[in-house]
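Novice: Here it is: the structure, laid out below.
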Amino acid sequence: MTKITLTNSKTRQKEPFEPIDPNNVRMYVCGPTVYDRAHLGNARPVIVFDVLYRLLRHLYGGEHVTYVRNFTDVDDKINAEAQRRKDAGDARPLEELIRERTDETIAWYHADMAALGNLVPDHEPRATEYIGQMIAMISDLIGKGHAYAKKGHVLFRVRSYEAYGALSGRSVDDMIAGARVEVAPFKEDPMDFVLWKPSDADLPGWDSPWGRGRPGWHIECSAMAHELLGASFDIHGGGIDLQFPHHENEIAQSACAHPEGEFARVWMHNEMLQVEGRKMSKSLGNFFTVRDLLDQGFPGEVIRFVMLSTHYSKPMDWTEAKAKAARKTLAHWQELTDKAERSRRPHLDVVDALSDDLNTSLAITRLHAHARAVETASGNERKELAARFLGTLELLGIGEDWRDGVRIAIEAAFETTALLDRLTQRLEDARAAKDWVRADAIKASLVDAGVQVMIGQDGVKRVLTPDFDPAKLEALK
RNA sequence: GGCGGGUUGGCGGAGAGGUUACGCAGCGGAUUGCAAAUCCGUGUAGACCGGUUCGAUUCCGGUACCCGCCUCCA
């Protein structure tokens, strides 16, 4: 079987991947805080780890892989949004407003991530549904001397965990010297972090041994990962920005609470996304959500393709030029696989590329070669190659809705098929009559409306391009 | 200050210590009524300075510049 290698942040090395249990390969990826629409940067880890999920499913079997991605629905940004609505005159209790906000954000997230061609993980736990497990874990940590309660807070005692900082390559002393730590009077050590914090009356809270309060950010992942995947599991993923402090703290909590396990064996971090060479930020005016792009007419698949064209370990630069090129490539590939059946035998060299630390860029390179092979083949061989090509694309989550020909769907949607047929017939007639002036005029107007016209041995073939404008076509009646 | 990523031909972007990456664009050709699409061919790349080596863009050291994280952030 194909062997996977993955770069493990924990060891900073590319290592052969050996699942703890090949019959149940387990991965956990940090999901979104559900206070607003997912931005483009949020989409990168989702797409990257979706490809990993697909690869694992392909190699180990769909029923032998468990993928967990959480929703963080306890957070001060969520509280602030709910409070804003309350201040705006909504009379309902805050709890209800929060639930409404998180519910609607999760629905958006599902829609947007589906539009990008991502599979839904096997479990999508919400933090609020695991408060009991978090409280139990915190109590356990206190019992073991790794945490302490003070003034309604519970803090993790960083000095009690020797390996703290190993994942991110930092030492506690260096970080304190670096001085960017919050000093709070109730902390034994400035690096200690919050496991539990008190909530006043107008904040969401749960009863606990330390009074009414809410969990700190990091504990949820430790609690949910343990509940759903056990004390040891295979892969933990997320953005590189989470490496510290979030993942470092997760490790500390989980390792101390469950010393019998090893928590995550392999840690994977994707690099950040940039936009036209700059950090995406509201202040630079280049901030946009996935939904913004979709609404601007970028197909989800194009966004996905651009994301996969850069290796996950490198900064990814989103540019319109890349999107344009991706659109062109995908249009061609779609044309190649039009009406093809999907084979279940993907090309091995692409599987190999993905198995080599998820080298999606190399996988795409190899797909180009396969595309050419389809193009140059004919008859049954072409049919077979097209089927395998389509089956290979599935590993990248591309082409899943091409099966019946999106082209046909679009034409039907615009109710232009009949009109197109008529115009095509007119072109055929003009050609048959060798009336080149008329033929050229018809062709030019079709091209102007965004219809690609291809004249070959067996007549006129037309393909709708992304620039297709039904209004212009109507004008040709 | 600490930690990390990057620097490859016009643009994007990989692998490999020595033999063509690949894609887009460009150029030449085939094909075509003309086109489009496609196919074939075509690129004096590897920030800079040292080192290791028979040989480095690839390994090692240093320099410069760009980006990010260390505070909520994927």
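Novice: Return the FRET efficiency for the residue pair A:ALA321, A:GLU400: r is the Cβ-Cβ distance, R0 is 35 Å, and the value is rounded to the nearest 0.05. Don't skip to the answer; put the middle values down first.
Specialist: Numbers: r = 26 Å, r/R0 = 0.73.
In this case the efficiency is close to 0.85.
Novice: Further question on the same structure: Run the simple label-point estimate for A:LYS472 and A:ALA418 please: 7 Å along Cα→C-beta, distance reported in nm.
Specialist: Calculated label separation equals 2.4 nm.
Novice: As a test of the formula, what do you get for chain A when each DSSP H run with n ≥ 4 contributes -39,500 (n - 2.57) and the sum is divided by the residue count, at 222 nm and rounded to the nearest 500 deg cm²/dmol?
Specialist: On the way: 17 runs with 210 residues, N = 477.
When only DSSP H runs of four or more count, the value is -14000 deg cm²/dmol.
Novice: Given a Förster distance of 35 angstrom, what is the FRET efficiency for A:ALA91 paired with A:ALA136, based on the Cβ-Cβ distance and rounded to 0.05? Write down the numbers at each step before the final one.
Specialist: Values: r = 36 Å, r/R0 = 1.02.
Taking R0 as 35 Å, the efficiency between A:ALA91 and A:ALA136 is 0.45.
Novice: At 0.36 nm per residue, and after removing the present C-alpha to C-alpha distance, how many nm does the segment from A:HIS368 to A:GLN457 gain when stretched out fully?
Specialist: On the way: separation 89, 0.36 × 89 = 32.04 nm, distance 2.57 nm.
Gain on extension, A:HIS368 to A:GLN457, equals 29.5 nm.
Novice: Once the piece of chain linking A:ARG37 and A:GLU162 is laid out straight, how much longer is it, given 0.36 nm per residue of separation minus the C-alpha distance between them? Spell out each step's value before the answer.
Specialist: Values: separation 125, 0.36 × 125 = 45.00 nm, distance 3.86 nm.
So the extension gain works out to 41.1 nm.
Novice: Using a simple spin-label model with points 7 Å from Cα along the Cα→Cβ vector, what separation in nm is obtained for A:ILE20 and A:PHE287?
Specialist: 3.8 nm
Novice: For the ranges A:109-117, A:161-169, what's the packing order if you count other beta-carbon atoms within 10 Å of each residue, average per peptide, and put the highest first?
Specialist: Averaged packing, sorted descending, gives the order A:109-117, A:161-169.
Novice: Report the local net charge at A:ARG99: Lys and Arg +1, Asp and Glu -1, summed over other residues whose C-beta lies under 11 Å from its C-beta.
Specialist: Values: positive: A:ARG92, A:ARG101, A:ARG126; negative: A:ASP73, A:GLU95, A:GLU96, A:GLU100, A:ASP103, A:GLU104.
In short, -3.
Novice: Based on the mean of other Cβ atoms within 10 Å per residue, sort peptides A:138-149, A:7-18, A:301-312 so the most packed one is first.
Specialist: Numbers: A:138-149: 18.4, A:7-18: 14.5, A:301-312: 22.8.
The packing order, highest mean first, is A:301-312, A:138-149, A:7-18.
Novice: Right, something else. Equivalent ellipsoid semi-axes for chain A, as square roots of 5 times the alpha carbon gyration tensor eigenvalues: give them largest first, rounded to whole Å. Let's see the in-between values first.
Specialist: Details: eigenvalues 509, 140, 65 Å².
Taking √(5λ) for each Cα gyration eigenvalue gives 50, 26, 18 Å.
Novice: I'd like to know which of A:LEU229, A:PRO299, A:GLY205 lies farthest towards the positive end of the charge dipole of chain A, counting +1 on Cβ of Lys and Arg and -1 on Cβ of Asp and Glu.
Specialist: The Cα lying farthest towards the positive end belongs to A:PRO299.
Novice: Would you mind getting me the FRET efficiency between A:GLN13 and A:LYS434? Use the beta-carbon distance for r and R0 = 56 Å, nearest 0.05. All intermediate terms of the calculation are to be shown ahead of the outcome.
Specialist: Details: r = 69 Å, r/R0 = 1.23.
Plugging the Cβ-Cβ distance into 1/(1 + (r/R0)^6) gives 0.25.
Novice: On C-alpha positions alone, give me the angle between the axis of helix A:40-60 and the longest principal axis of chain A, in degrees, nearest 10.
Specialist: 80 degrees
Novice: Follow-up question, since we're still on this one. Cross-link list A:LYS10/A:LYS151; A:LYS86/A:LYS197; A:LYS383/A:LYS434; A:LYS77/A:LYS328; A:LYS314/A:LYS461: which exceed 32 angstrom alpha carbon to alpha carbon? Numbers along the way, then the final one.
Specialist: On the way: A:LYS10/A:LYS151 35 Å; A:LYS86/A:LYS197 23 Å; A:LYS383/A:LYS434 34 Å; A:LYS77/A:LYS328 40 Å; A:LYS314/A:LYS461 41 Å.
Violating the 32 Å limit, Cα to Cα: A:LYS10/A:LYS151; A:LYS383/A:LYS434; A:LYS77/A:LYS328; A:LYS314/A:LYS461.
Novice: In nm, to one decimal, how far is the A:GLU276 label point from the A:ASP76 one, both placed 7 Å along Cα→Cβ?
Specialist: 3.3 nm
Novice: With a ≥ b ≥ c the root eigenvalues of the C-alpha gyration tensor of segment A:20-270, is it rounded (a/c under 1.5), prolate (a/b larger than b/c) or oblate? Intermediate values should be presented prior to the final figure.
Specialist: Values: a/c = 1.68, a/b = 1.08, b/c = 1.56.
The shape class here is oblate.
Novice: Would you list, by chain and number, the lysines whose Cα falls below 16 Å from the Cα of A:LYS3, excluding same-chain residues fewer than 8 positions away?
Specialist: A:LYS14
Read-outs throughout are calculated quantities, based only on the coordinates presented, and are distinct from any laboratory measurement. All values derive from a computational prediction rather than experimental measurement. Quick reminder, even Gly has a Cβ in these numbers, built from the backbone with ideal geometry, and neighbours come from all protein chains shown.
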